[in-house]
Structures are given as C-alpha cells and as structure tokens.
Amino acid sequence: MMSRPRRVALPWYAAEHYEALRQSLSDGGKLPVQYEAWRASTEQFERKVQCSGVEVVRVPIEPDAFSAWCEVAGLPADGAVRARYAAEALKH
C-alpha cells in the first residue's frame, strides 16, 4: 500500500498571467475562460486536499519560464507537465 504524500505541489496562476497561460498551453481550452472561475475551483480542490491532512504548496507558473522549461525538456505544455513542473519546483 502506498502512503499518502505529506505535501503536494499545486500549479498556481497569477491573475496577470492567466490569459497568456491559457493561450500558450496545449490544453488551455480546458481551463475556465475567467480567472476567478479557475481560482474558485482550484481553491476548492486545495481545501479538499488540505482536509485530508496533506499540505498544499502553491507553485507559481510564470508563462515564459514554464514555456522555456517545456522546450528544453521536450515536453508539451499540458496539465500533466504543469503538475510535474510544480512538483520539481517544490523539490528545490
């Protein structure tokens, strides 16, 4: 049986970067059009995870840095890769 992690990384978008991220992500069309809708949904998820006893660490996703990281790694800018980027940033 796998143990639950003590903390997890949560990709976090600043309001001022949200539209640029939506446009640059390969799955950006899956994100809500309005930042506030994304934030409310993500904060609800964050609270649910925290209630399970896991610490949630918001990891800012800056469009240019994330895009450059994806390019160097040869990875698509999608949800799974954003989660990986956040998890790796949490390790450092």
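Bear in mind these aren't lab numbers, they're just calculated from the coordinates by the rules spelled out. Treat the numbers as computed from the prediction; the structure is a model and nothing was measured. A quick note on method: Cβ atoms are made from the backbone with ideal geometry, for glycine too, and the neighbour counts reach across all protein chains shown.
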Notebook entry, point to check: Out of residues 5 or more away from R58 or on other chains, whose amide H comes under 5 Å of its own, with H placed 1.01 Å from N in the peptide plane?
Noted result: L10
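Given the Cα atoms of the chain, and with Rh set as the inverse mean 1/r over their pairs in the Kirkwood sense, what is Rg to Rh to two decimals?
Working: Rg = 13.5 Å, Rh = 13.9 Å.
Radius of gyration relative to Kirkwood radius: 0.97.
Using Cα pairs under 8 angstrom and six or more residues apart, how large is the relative contact order of the chain, in percent? All intermediate terms of the calculation are to be shown ahead of the outcome.
Details: 88 pairs, mean separation 41.0, N = 92.
Relative CO of the chain lands at 45 percent.
To the nearest 20 Debye, how big is the dipole of the stretch 7-91 about its Cα centre, given +1 on the beta carbon of each Lys and Arg and -1 on that of each Asp and Glu?
On the way: 10 positive and 12 negative charges, 75 e Å.
So the dipole magnitude of the stretch 7-91 works out to roughly 360 debye.
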Next item on the list: Compute the distance in nm between two label points, each set 7 Å from the Cα along the Cα-to-Cβ direction, one at A15 and one at H92.
Entry: 2.8 nm
